[in-house]
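Okay, structure first, notes after.
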């Protein structure tokens, strides 16, 4: 059994993932075996109230998680660490001591809010031979996975359009903070290799168009107003697949991947692709500031 620690409790994900891995979720269908959250360190949050952080920590403690006073106290107690900060600006510093210790680290979405910090996280991981993994749960939605698994039936993906909520939350840039779900669905369908992006926005939402190195074009919509949902259209060789995602089991499917990561030390998503998803979002935000100018997407 892999022993895991959590740093930060300002996201409901800390509670949801603990209940799944510690097998205290009220629905046994949601349980995932192979790892257990044994310790955690709640720290002050710039995006969540002290009361909410305490509430999430107490819920995790009730699920068997021992609370410690500093992240460093997790060293020696756990085999890996989950960074569950809702504030992406803290991900680099929260992950640093564990990466430097060579521990495998899961960083909840997004990897970072800035390209410079994303690059530093991956550089740290490489220099200390510390495995690192970050992904959106939407990447593992059954509807998204089905398109790749049924490639013989559907044919290769020639283009795609994805959508998700994309509201800003204080200092969190919505396109990277929550719009990362649409970005990751797009990459799950298309694979890496985006050449450039161009964005347009209004109070209702953001639309980004993009072209891949092989010439394929795609788009995503990040909604800010009106009804919200997650989904996609994939234009394949043999058919068009349109789906609205059922989010009922996406956390479970993500935790399956997280457990495999901690067991093997191998990220299920190539780190170059993870970096590119952040670069995609950053390039789109730059394009919005430049009235839709095409902006190249950096590579790691």
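Is it fair to say residue 124 is under 18 Å from residue 268 (Cα atoms) and either at pLDDT 95 or above or assigned by TED's automatic domain parsing to the domain that holds residue 21 (or both)?
Numbers: under 18 Å from residue 268 (Cα atoms): no; either at pLDDT 95 or above or assigned by TED's automatic domain parsing to the domain that holds residue 21 (or both): yes.
Judged against the criteria, residue 124 is not a match.
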Looking at 249, 261, which is the one that is surrounded by 14 or more Cβ atoms within 10 Å (Cβ to Cβ), within 17 Å of the chain's Cα centre (by Cα) and more than 29 Å from residue 122 (Cβ to Cβ)?
249
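Take the range 40-66 and flag every residue that is farther than 12 Å from residue 86 by Cβ and assigned to a loop (DSSP other than H, G, I, E, B).
Restricting attention to the range 40-66, the residues satisfying the condition of being farther than 12 Å from residue 86 by Cβ are 40-42, 44, 50-51, 54-55, 57-66.
Residues satisfying the conditions are 42, 44, 63, 64, 65.
For residue 85, are the conditions met, namely being surrounded by 19 or more Cβ atoms within 10 Å (Cβ to Cβ), touching a helix residue (DSSP H, G or I) at 6+ places or on another chain (Cβ under 7 Å) and more than 21 Å from residue 57 (Cβ to Cβ)? Please lay out each step first, then the result.
On the way: surrounded by 19 or more Cβ atoms within 10 Å (Cβ to Cβ): yes; touching a helix residue (DSSP H, G or I) at 6+ places or on another chain (Cβ under 7 Å): yes; more than 21 Å from residue 57 (Cβ to Cβ): no.
Answer is no for this residue.
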If residue 176 meets every condition in (1) at pLDDT 95 or above; (2) in a helix (DSSP H, G or I) apart from one, which number is that one?
(1)
Does residue 239 qualify as being surrounded by fewer than 17 Cβ atoms within 10 Å (Cβ to Cβ) and either over 20 Å from the mean Cα position of the chain (by Cα) or closer than 15 Å to residue 185 by Cβ (or both)?
yes
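The values are calculated or read from the model by the stated rules, or taken from the named source; none is laboratory data. Predicted model, so just to flag it, every value in this text is computed and none were measured. Cβ: placed from backbone, ideal geometry, glycine included. Neighbour counts: every protein chain shown.
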